[in-house]
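Written out below as structure tokens is the structure these notes cover.
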Amino acid sequence: REPDLEQASFLGVEEEEWSFKIGGYQPLMRWLRARAGRELSRDEVTHYQRIIDSIKGTIKVMKKIDEVIEDEGGWPYAFIKEG
């Protein structure tokens, strides 16, 4: 059975992903608001899911970068080369 896109929702979007900001705005909210009041096509739903996945990946990489900086002495010491 085909899902009813009018009643569809995006499950599994964590608060951290939803509230993630780029340049001062939340891309997930902004993308949906730009399409408010109309039915999303299957391609748009797929595109939105890819945006979610990209944000998940970005958050994961940012956390890893923060871990490496902390392991190397924190900010700004991780970027100071001795000798």
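The values are calculated or read from the model by the stated rules, or taken from the named source; none is laboratory data. From a predicted model like this one, the values you see are computed outputs, not experimental measurements. Cβ placement follows ideal geometry from the backbone for every residue including glycine, while neighbour counts extend to all protein chains displayed. In case anyone asks, the SASA skips ligands and DNA or RNA and just uses the protein heavy atoms, side chains included. Shrake-Rupley method; radii C 1.70, N 1.55, O 1.52, S 1.80 Å.
Remarks
- Dipole orientation for the chain: of the candidates Gly37, Ile52, Trp75, Gly37 has the Cα lying most toward the positive pole (charges on Cβ; Lys, Arg +1; Asp, Glu -1).
- By average C-beta atoms within 10 angstrom, highest first, the peptides 11-18, 50-57: 50-57, 11-18
- Only Lys, Arg, Asp and Glu carry charge here, each on its Cβ (+1 for the first two, -1 for the last two); on that basis the chain has a dipole of about 380 debye about its Cα centre.
- Counting only residues at least eight positions apart within a chain, or on another chain, the aspartates and glutamates with an alpha carbon under 16 Å from that of Lys56 are Glu14, Glu15, Glu16, Glu17, Asp66.
- Whole-number percent relative contact order across the chain, with pairs defined as alpha carbons under 8 Å at least 6 apart: 24 percent
- Among residues other than Trp18 with Cβ under 15 Å from its Cβ, the summed charge is -1 (Lys and Arg +1, Asp and Glu -1).
- Between Glu39 and Ile65, the modelled labels are 4.1 nm apart [label points 7 Å from Cα along Cα→Cβ].
- Solvent-accessible area assigned to carbon and sulfur over the chain amounts to 50 percent, based on a 1.4 Å probe.
- Which of Met29, Met62 is most accessible, then next, and so on - probe 1.4 Å: Met62, Met29
- Sequence of Phe10, Phe20, Phe79 when ordered by accessible area, the most exposed leading, probe 1.4 angstrom: Phe79, Phe10, Phe20
- Using alpha-carbon coordinates, inclination of helix 42-71 to the longest axis of the chain, degrees: 10 degrees
- Computed accessible area, Asp43, all protein chains, 1.4 angstrom probe, square angstrom: 130 Å²
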